[in-house]
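Scroll down for the structure; my scribbles are underneath it.
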Amino acid sequence: MLKKSSWVLWGAALFLAWHGLLLLFLWSRPFSPSSSSSSGGGGGKGEEGSRLTAQVIRLAQEAETELERQKDLLLQIHRYSRLWGGRRRLGVGVQDPPKPSPNPSQNFSRLSPPLSGAAAAAAEAVLPVLVLACDRSTVRRCLDKLLRYRPSARRFPLIVSQDCGHAETAAVIASYGDALTHIRQPDLSDIPVPPEHRKFQGYYRIARHYRWALGQVFRTFRHRAAIVVEDDLEVAPDFFEYFQAAFPLLLADPSLWCVSAWNDNGKEQMVEAAQAQLLYRTDFFPGLGWLLLAELWEELEPKWPRAFWDDWMRQPEQRRGRSCVRPEVSRTITFGRKGVSHGQFFDQYLKFIKLNDRFVPFTRLDLSYLKKEEYERSFLPKVYAAPEVKVEELQGNRRRELGAVRLQYSGRDSFKAFAKALGLMDDLKSGVPRAGYRGIVTFVYRGRRVYLAPPADWTGYDPSWS
């Protein structure tokens, strides 16, 4: 506790000392010699007054910028002092190596080993955020949160790609000035579509925009990786921390092809908010705030679809047995009820998604448990060791003494029936359930962990289930 207080006092002293020096600089700053001359006419004095006013405004702006920097510094000091204090209460010294834990639920106190050269380089990698925008002037809500939580403009440059040519939205984006890069999709023409897809013209435009924008990020700007969000997403306080920590994992494990900020079944009553550090593997491509490598774009770009790009990503030919990382508690939420999907799923599911509201120091955690071999060694035995229950027992809140339980489905119809009964999203894409891994969907029901799982001898997804 003493050390925590000393850090806070040190930060406060630094804050006061800086501003004392700033005030002293302003008071001692000499006027321009021309400003004291009385030989000029009224116009000259007006010009000198204007120059002085501009100088004062500039100095005030510089002082305001420095105030913001100092405020961020104090917030970081406070955040880490709380982290150190919490670790002491857990009996872990600041410099003490953590005890290894095979249980991912304990990984909040499981620090990562010292960074290797490759991992250290990944920690400093530039991860641009690509925002896909069109005609929503409410993009401001998305951009404000990204800029508020962004820890470094250098490491997380913001690129906003706008389709549609909507003037009001363009003006909102332009109002951020140098805080972001604004690019515009040049082809706004109608796209020829089959007669039966006439009402899906919007999906064709979105796919075209994605292809152009990702091409700009990887071909023109030549970035190594990118975080993709859309203009109707709001991000969590640890959004950038999460992706920075997961990036080395994506580089190291070829069985992963994306990291997503989204949990499709992340409604507030279906997640354990106190375990916000929990991460999982999923065979379902979640989207809605996701990280990909340039190598993946090189693979996908030549065959990019004309429409419905996200469902195309979920096909076996694209997924090729690979998985994504996804969180227990979502790091994005969507506020875009209106769009080309006309609010599909929004009122029933999406508006109830829980957005994480506390900072998890992911870059200080050991995420190696998410590598395929280690994950399957720990996750699968835990699922199939859980006692099996009936859906009626879950709904009746019976057999609470069992703790985590398993509900087993035998086919497409039983999966959909159980999912509907428990409030899960019940649709399947190429046979893969949302948030599922090896057919297993993990969630919380009435305060306890539930695994909706196929039999232990599961042999793979059946695309005909879609």
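The values are calculated or read from the model by the stated rules, or taken from the named source; none is laboratory data. Since the structure is predicted, the reported quantities are computational estimates derived from the model, not experimental observations. All Cβ positions, even for glycine, are placed from backbone atoms using ideal geometry, and neighbour counts span all protein chains on display. Side chains included, ligands, DNA and RNA excluded: accessible areas come from the protein's heavy atoms. Shrake-Rupley method; radii C 1.70, N 1.55, O 1.52, S 1.80 Å.
My understanding is that a pair violates if its Cα-Cα distance is over 27 Å; which of K351/K390; K382/K420; K351/K382; K267/K390; K303/K351 do that in this structure?
The answer is K351/K390; K351/K382; K303/K351.
If I model a spin label at T220 and E295 as a point 7 Å from the Cα along the Cα→Cβ vector, what separation in nanometres do I get?
Taking the simple label geometry, T220 and E295 are separated by 2.7 nm.
Which values, in whole Å and largest first, are the semi-axes of the equivalent ellipsoid of the stretch 380-453 obtained as the square root of 5 times each eigenvalue of the Cα gyration tensor? Show your work: numbers first, answer last.
On the way: eigenvalues 76, 37, 20 Å².
Largest first, the stretch 380-453 gives 19, 14, 10 Å.
Would you mind working out the accessible area per residue for the stretch 119-357, using a 1.4 Å probe, and quoting it in Å²?
That works out to 40 Å² per residue.
What's the extension gain from H197 to A274 if we count 0.36 nm per residue and subtract their Cα-Cα distance? Provide the component values of the computation, followed by the final result.
Values: separation 77, 0.36 × 77 = 27.72 nm, distance 4.47 nm.
The span from H197 to A274 would gain 23.3 nm if fully extended.
Quick one: what are the phi-derived ³J(HN,Hα) couplings along the stretch 234-245, Karplus 6.51/-1.76/1.60 with θ = phi - 60°, whole Hz, x for glycine and proline?
Using θ = phi - 60°, the values come out as 10, 9, 7, x, 9, 3, 6, 4, 4, 6, 4, 6 Hz.
Over the heavy atoms of W257, what accessible area does a 1.4 Å probe trace out, to the nearest 10 Å²?
10
By accessible area of protein heavy atoms, probe 1.4 Å, what ranking do R406, R222, R141 get, highest first?
Correct descending sequence by accessible area is R222, R141, R406.
Accessible area of the stretch 380-453 with a 1.4 Å probe: how many percent of it is carbon plus sulfur?
On the way: 1350 of 2940 Å².
In the stretch 380-453, the share of accessible area belonging to carbon and sulfur is 46 percent.
Using a 1.4 angstrom probe and counting only protein chains, how large is the accessible area of Y375 in Å², to 10?
10
Give the accessible surface of the stretch 380-453 per residue, rounded to a whole number of Å², with probe radius 1.4 Å and ligands, DNA and RNA excluded.
Working: 2940 Å² over 74 residues.
Per residue, the stretch 380-453 has 40 Å² of solvent-accessible surface.
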